[in-house]
Amino acid sequence: MNMILPKFYRVRQNFPSSRIENVAETVRMELAKLNLEKTVKPGESVAITVGSRGIANIALIIKTTVDFLKSIEAVPFIVPAMGSHGGGTADGQT
């Protein structure tokens, strides 16, 4: 049995390579733009959703976010935002 396939073409895609030199400072600056101190009252809980994979410097980003929220007297806590890979369980995320 002969199968006729369509023509194939080789394609190369280049993505621009941008780099943030000071991740923590950039996170602080972006959070400051939100003016959270006007909407989050001292002592209020704030959930921070955190994915499990694929984000460079994720620990630094989350720590900086937690520190920022504490600086405005919020009470941050982490919520895992995992997908269905690994069965959608904490054990399956490693």
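The values are calculated or read from the model by the stated rules, or taken from the named source; none is laboratory data. Computed from a prediction, not measured in an experiment: that's the story for all the values here. Here the Cβ is made from the backbone with ideal geometry for all residues, glycine too, and neighbour counts use every protein chain on show.
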Problem set entry | Selection count, segment 53-83, where residues are in a helix (DSSP H, G or I) and not small (Gly, Ala, Ser) | 12
Problem set entry | Close pairs from segment 23-49: first over 19 Å from Ala59 (Cα atoms) and touching a residue at least 12 places away in the same chain (Cβ under 8 Å), partner surrounded by 12 or more Cβ atoms within 10 Å (Cβ to Cβ) and acidic (Asp, Glu), Cβ under 7 Å, at least 6 apart | Pro42/Glu73; Gly43/Glu73
Problem set entry | Neighbours by Cβ (under 6 Å, 6+ apart or cross-chain): first from segment 73-92, farther than 10 Å from Thr49 by Cβ; second modelled with pLDDT of 85 or more and surrounded by 12 or more Cβ atoms within 10 Å (Cβ to Cβ) | Ala74/Val40; Ala74/Glu44; Ala74/Val46; Pro76/Val46; Pro76/Ile48; Pro76/Val66; Pro76/Leu69
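When the residues of segment 16-32 are narrowed to those that are among the polar types (S, T, N, Q) and at pLDDT 95 or above, which ends up farthest from the chain's Cα centre (by Cα)?
So the residue we want is Asn22.
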Exercise. Here is a list of conditions, (1) surrounded by 10 or more Cβ atoms within 10 Å (Cβ to Cβ); (2) out of contact with any Pro (no Cβ under 6 Å at 6 or more places or on another chain); (3) on the phi < 0 side of the Ramachandran plot; (4) not basic (Lys, Arg), and Asn57 meets all of them except one; can you say which number that is?
Worked result: (3)
For this session: Take segment 33-52 and flag every residue that is over 19 Å from the mean Cα position of the chain (by Cα), of a type in the set (Ser, Thr, Tyr) and part of a loop (DSSP other than H, G, I, E, B).
Result: Thr39
